[in-house]
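Undergrad: Following this message is one structure expressed as C-alpha cells.
The values are calculated or read from the model by the stated rules, or taken from the named source; none is laboratory data. In this text, all values refer to a predicted model and were calculated from it rather than measured experimentally. Methodologically, a virtual Cβ is constructed for each residue, glycine included, from the backbone with ideal geometry; neighbour enumeration extends over all protein chains shown. All accessible areas refer to the heavy atoms of the entire protein, side chains included, with ligands and DNA or RNA removed. Shrake-Rupley method; radii C 1.70, N 1.55, O 1.52, S 1.80 Å.
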Amino acid sequence: MRELDYRDAIKEACIEEMDRDPRVFLIGEDIGVYGGAFRAYSGLLDKYGPERVINTPISEQAILGGAIGAALTGYRPVAEIMFIDFCTLAMDQIVNQAAKIKYMTGDALNVPMVLRTQGGAGRGIAAQHSQSLEAWFYHIPGLKVVMPATSYDVKGLLKTAIRDNDPVVFIEHKMIYLNKGPVPEEEYTIPFGVADIKREGKDVTIFAYSNMLFKALEAADDLAKEGISCEVFDPRTLVPLDIDALINSVKKTNKLVVVSEAAERGSIASDIMAIVNDKAFDYLDGPIKRVCGLNSAIPYNSKLEQACIPHKESIIKAVKEII
Amino acid sequence: MEKLSKELQVLMLKKLIEIRRFEERTVQYYQRSKIWGYLHPYIGEEAVAVGACTAIKKEDYIISTHRGHGHAIAKGADLNKMMAELFGKATGYCKGRGGSMHIADTELGMLGANGIVGGGIPISVGAGLSCKMENKGRVILCFFGDGAANNGVFHESVNMSAMFKLPVIYICENNLYAISMCSRDSVAGNDIAGRAKGYGIPGYKVDGSDVIEVFETVEKAVDYARKGNGPSLIEASTYIFLGHHPNDPAAYRPKGEAEHEKSKRDCLTNFKTKLINEKIITEAQIDEIEKDTEKRIDAAVEFAESSPEPELEKFLSEVMS
Ligand SMILES: Cc1ncc(C[n+]2csc(CCOP(=O)(O)OP(=O)(O)O)c2C)c(N)n1
C-alpha cells in the first residue's frame, strides 16, 4: 500500500471532504500561503481559494466563535487552533458555547464543526507550547475528542469528524506530522468509538494513544524479546470511548498499563483506571499501572523536557512491575 | 523638547549594536543547534526597544513578547544570563526552563517575554495598577506586535487601563507581519494607533526605524502617565528583517520588499550615519564599540558553553506539585 505522511493524510481528508461537500471550509491562522504551522494545508489555498481557506488574524475566540456561527447556519467549518495551548484563549466558545448549544436548545440547534489542533512535548518549545490538554475537553459533556496516531487513522477519523453533526475536538501531536504510514487509495472513513488493537498480545494490555502509542509499541517490541506478550490498545477516540473493546482486552490479559503524555493528575489515564476498576475489577490479576507525564509544566532544556514525559523505558518498567 | 545629549545618543547607538550583534549570534547558534526550540530574532526592530527603554528609568517596568531579546537587552539585561538561558543552562535567566520565549528579570522590572501572543497585554494592566497604588510615579511599557493587537485581550486591557488612568504605555511594534499574515490584511482600518481615539487616550504613529523619534514619543507618553493622566498607545512602524524565525524563508512576502526595507530603513545603519554626520561620533569610535560588543558577546557564549546543565533532581524538587 502507498505510504503517506501524517500531515499529508490530513490534507487528503480535507480535500476529499471539501470536494464532497461545498459547505466544508477551513479557517485559522497562517493556513493560507503558509499552509498551516505544520504545513498540513500546503497548496490548499491555491486549490480552493480564500473563501474556503480562510486565513485569519490572531483571534482565537473569533475563530472558534466564527466556526460555531457558521456551523449553526449551515456550513461545516474545520477551525484550526495552531497549538492546543492557545485554546485557552477561546475556552468560552468551546466549553460554554460549542459543547452546550445542542443540549441547551433541546436539540433545536447543532454545531457540526471540527476544532483541529495539536499538542505535546518534544520540540524544546517550553511551557506554553507543549502541553497535553486533552483531559480538559474530555471532561466536558458535549464534545467529542479524537486523538489519532497513524496516517491511516488521522485520515479516516478526520473525514468522520467533518461529517459529524456535533463539535469534535481533533487533537494531533506535533512530533508525528512527518511519520509515514500506509493509507489506501480508496476512500474510507473510521467510525468514532472503535478502538484499534495495534498489536495483539496475551500477558498485558497497554492502553496508549497519540504519540505515546509509538512508545508503547517500542516497549512491546523489547518486552517480546523477554517473552512478555503485550497487547497495545489504541482507543483512537477518547470520547466516545470504546469501553467494550478495552474490557475485552483486559479480560484476555488480566493486566493493564495506561499511558498518557499529559501530567498525571486528573489525566485520561486516571479516568481509564477508574473505568476499568468499575467495570472489570474481577478480571484484573493485579493493580492497574499509570505511566504519565510528571505533574510539571514542560521545560525548555531537552534533558529536563524528556524527563517530564513517558518513554519506552518507563512503560517497560511499569509492565514489569505487574507481570 | 530640549536637544538630546551626545552621551544619550551614543548610549542608544551602543544598545542598538548590542542587540543587533546578539541577535545575529543567536541565529548562528540556532543553526548549529546550540539553541533550539523557537527563536524569534528582533533584527531590524531594535530602534523600538532602544528608543522606548531609554525613555524610562531603571525602576520602571517593561513586559515583552515572544520576540523579546531586544526589549530585555534595552532594559539592561545581562548577556551572560540570556545566552545561558538560550543554551538551556542552569545559569540562565530561567534556569534552563524557559528558553528564548520566557526571559524575565525582576530586578530590572522586566516582567517577562511571552509565548502567548498578546499574553503580556492584560498583565500590564495589573502592573499599571500596582504602579498607581504605590504612587511613586513608576510606569510600564507594554510591547506587543501588530498580530497581538488583533486579539481580544488588547481591547479589554486598553479599555480598562484607560478607564482607571493607569500608567501603561502600549507600544505596538508593527513590523508588517504576524508570521505570514501581513498587517494590511489583518488590521481593519490599518491604523492601530488610531484606535486610541475610541478609548479617549493619546495615540501616536512613529517611524520605528528612527530611534530618536521613538525615544521622544515614548518620553512624552511616559511623562503623561507619570502625571497620572493614564495610558497612551504608540504604533511604531518597523520591519522584521528575517523571517518569523531563522528557518522561515518568508516566501509569503512580496519580492524585493525585505531588500528595500533593509536598504532604506535599517535603524542601525541610519543612526550610525546620522551620528557620524553630526560629528557626535567617529567611525573609529564606532569600530571600538563594535569590537567591545563582540567581546562581550563572546564572553556570554563562553559563559553559556561552560555553564552546567540543570540538574534533574533539583529541577524535580522545585517544580513537582
Ligand atoms: C495566542 C497565540 N496565537 C497564536 C500564536 C502563534 N504565533 C506565535 S508568534 C505569532 C505571530 C505574532 O505576530 P505579532 O504579534 O505581529 O509579532 P511578531 O512575530 O511580528 O513580532 C503567532 C501567530 C501564539 N503564540 N499565541
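Undergrad: Taking each pair of different alpha-carbon atoms in segment B:1-65 once, compute 1/r for the pair, average those values, and report the inverse of that mean as the Kirkwood hydrodynamic radius in Å to one decimal.
TA: Working: mean 1/r = 0.0735 Å⁻¹.
Final number for the Kirkwood radius of segment B:1-65 is 13.6 Å.
Undergrad: Report the relative contact order of chain B, percent, no decimals, based on alpha-carbon pairs under 8 angstrom and at least 6 residues apart. Before the final figure, lay out the partial values.
TA: Details: 622 pairs, mean separation 72.4, N = 321.
Computed value for chain B: 23 percent relative contact order.
Undergrad: Enter the buried accessible area of the A/B pair, total of both sides, probe 1.4 Å, in Å² rounded to the nearest 100.
TA: Values: alone 13450 and 14640 Å², together 25220 Å².
Buried area between the two chains comes out at roughly 2900 Å².
Undergrad: In addition: Checking a compactness column here: for chain A, what do you get for Rg(Cα) / (2.2 N^0.38 Å), N being the number of residues? Let's see the in-between values first.
TA: Numbers: Rg = 19.4 Å, N = 323, 2.2 N^0.38 = 19.8 Å.
Working it through for chain A, the quotient is 0.98.
Undergrad: Let me ask something else about it. Which residues of segment B:281-321 bury at least 40 Å² of accessible area once all protein chains are present, versus their chain alone (1.4 Å probe)?
TA: Listed by number, the residues meeting the 40 Å² cut-off are B:Pro310, B:Leu312, B:Phe315, B:Met320, B:Ser321.
Undergrad: Once all Cα-Cα distances of the protein assembly as shown are split into 10 Å bins that start at 0, what whole-number percent is in each one?
TA: Result returned by the calculation: 3, 15, 23, 24, 18, 10, 5, 1, 0.
Undergrad: May I pose another question? Peptides A:182-188, A:79-85: what's the order by average Cβ count within 10 Å, highest mean first? Please report the intermediate quantities before stating the final value.
TA: Values: A:182-188: 11.9, A:79-85: 24.0.
Going by the mean number of other Cβ atoms within 10 Å, highest first, we get A:79-85, A:182-188.
Undergrad: Please compute the average number of Cβ atoms from other chains found within 10 Å of each residue's Cβ in peptide B:29-40. Mind dumping the intermediate values first?
TA: On the way: counts 0, 0, 0, 0, 1, 0, 2, 6, 10, 6, 0, 0.
Per residue, the number of nearby Cβ atoms from other chains is 2 on average.
Undergrad: Right, another one. Output the Kirkwood hydrodynamic radius of chain B, Cα pairs only, in Å rounded to one decimal. Walk me through the numbers before you get to the answer.
TA: Values: mean 1/r = 0.0502 Å⁻¹.
With all distinct Cα pairs of chain B included, I get 19.9 Å.
Undergrad: In addition: For segment A:1-53, what number results from the quotient of the Cα radius of gyration and 2.2 N^0.38 Å?
TA: Numbers: Rg = 10.9 Å, N = 53, 2.2 N^0.38 = 9.9 Å.
Normalised Cα radius of gyration, segment A:1-53: 1.09.
Undergrad: Follow-up question, since we're still on this one. What is the spread of the Cα atoms of segment A:215-282 along each of their three principal axes, largest first, in whole Å?
TA: Extents along the principal axes, in whole Å: 33, 28, 19.
Undergrad: Please report the projected area of segment A:3-182's Cα convex hull averaged over all directions, in nm². Please report the intermediate quantities before stating the final value.
TA: Numbers: hull surface 37.3 nm².
Mean orientational projected area (segment A:3-182, Cα hull): 9.3 nm².
Undergrad: Residues in segment B:208-247, backbone N under 20 Å from the label point at B:Leu11 (7 Å along the Cα-to-beta-carbon vector): list them, ranges by number please.
TA: The answer is B:210-226, whose backbone nitrogens lie closer than 20 Å to the label point.
Undergrad: In terms of the ratio Rg/(2.2 N^0.38 Å) built on C-alpha atoms, what value belongs to segment A:152-259? Walk me through the numbers on the way to the answer.
TA: Values: Rg = 14.6 Å, N = 108, 2.2 N^0.38 = 13.0 Å.
The reported ratio for this selection is 1.12.
Undergrad: Taking every residue in B:148-154, how many Cβ atoms of other protein chains lie within 10 Å of its Cβ, on average? Mind showing how you got there, number by number?
TA: Numbers: counts 2, 2, 5, 8, 6, 2, 1.
What the average comes to for B:148-154 is 4.
Undergrad: Please express the shape of segment B:99-160 as an equivalent ellipsoid: the semi-axes are the square roots of 5 times the eigenvalues of the C-alpha gyration tensor, given largest first in whole angstrom. Can you show the working numbers first?
TA: Values: eigenvalues 79, 58, 11 Å².
Output for segment B:99-160: semi-axes of 20, 17, 7 Å.
Undergrad: Right, here's the next one. Starting from 0 in steps of 5 Å, tell me what percent of the Cα-Cα pairs of segment B:157-259 lands in each bin.
TA: Going from the shortest bin to the longest, the percentages are 2, 12, 20, 19, 17, 13, 9, 5, 2, 0.
Undergrad: While we're on this one: Under a 10 Å cutoff between Cα atoms, tell me which one of A:Arg20, A:Arg76, A:Arg199 has the largest fluctuation in the Gaussian network model of chain A.
TA: In this elastic network of chain A, the residue with the biggest mean-square fluctuation among A:Arg20, A:Arg76, A:Arg199 is A:Arg20.
Undergrad: Return the single residue from B:Ser33, B:Ser232, B:Ser307 with maximal mean-square fluctuation; model: Gaussian network over chain B, springs between Cα atoms under 10 Å.
TA: Highest fluctuation among the options: B:Ser33.
Undergrad: At 1.4 Å probe size, with every protein chain present, just tell me what the per residue accessible area of segment A:3-182 comes to in Å².
TA: On the way: 6030 Å² over 180 residues.
Each residue of segment A:3-182 exposes 34 Å² on average to a 1.4 Å probe.
Undergrad: Could you work out the Rg to Rh ratio of segment A:200-323, with Rh taken as the Kirkwood radius (inverse of the mean 1/r over all Cα pairs)? Please list the in-between numbers first.
TA: On the way: Rg = 13.8 Å, Rh = 14.4 Å.
That ratio equals 0.96.
Undergrad: Here is a follow-up. On average over all directions, what projected area in square nanometres does segment B:104-198 have, based on the convex hull of its Cα atoms?
TA: Numbers: hull surface 25.6 nm².
That works out to 6.4 nm².
Undergrad: Let me ask another. If you add up the charges near B:Lys6, with Lys and Arg at +1 and Asp and Glu at -1, over every other residue whose beta carbon is less than 11 angstrom from its beta carbon, what do you get?
TA: Once all neighbours under 11 Å are counted, the net charge is 0.
Undergrad: At 1.4 Å probe size, with no ligands or nucleic acids counted, give the accessible surface of B:Arg67 in Å², nearest ten.
TA: 10
Undergrad: On to the next question. Cβ under 14 Å from B:Ala104's Cβ, B:Ala104 left aside: what net charge do those residues give with Lys, Arg +1 and Asp, Glu -1? Kindly include the intermediate steps, with their values, before the conclusion.
TA: Working: positive: B:Lys75, B:Lys81, B:Lys95, B:Arg97; negative: B:Asp78, B:Glu85, B:Asp105, B:Glu107.
It works out to a net charge of 0.
Undergrad: Determine the share of segment B:10-320's accessible area contributed by carbon and sulfur atoms, expressed in whole percent, with a 1.4 angstrom probe.
TA: On the way: 6370 of 12290 Å².
Whole-percent figure for carbon plus sulfur exposure: 52.
Undergrad: Given a 1.4 angstrom probe, I'd like the percentage of the accessible area of segment A:159-259 that is carbon and sulfur, rounded to a whole number. Mind dumping the intermediate values first?
TA: Details: 1710 of 3560 Å².
Using a 1.4 Å probe with all protein chains present, segment A:159-259 comes out at 48 percent carbon and sulfur.
Undergrad: While we're looking at this one, here's another question. Work through the residues other than B:Tyr30 whose Cβ is under 13 Å from its Cβ and net out their charges, Lys, Arg +1 and Asp, Glu -1. Walk me through the numbers on the way to the answer.
TA: On the way: positive: B:Arg25, B:Arg32, B:Lys34; negative: B:Glu23, B:Glu24, B:Asp248.
Here the count lands on 0.
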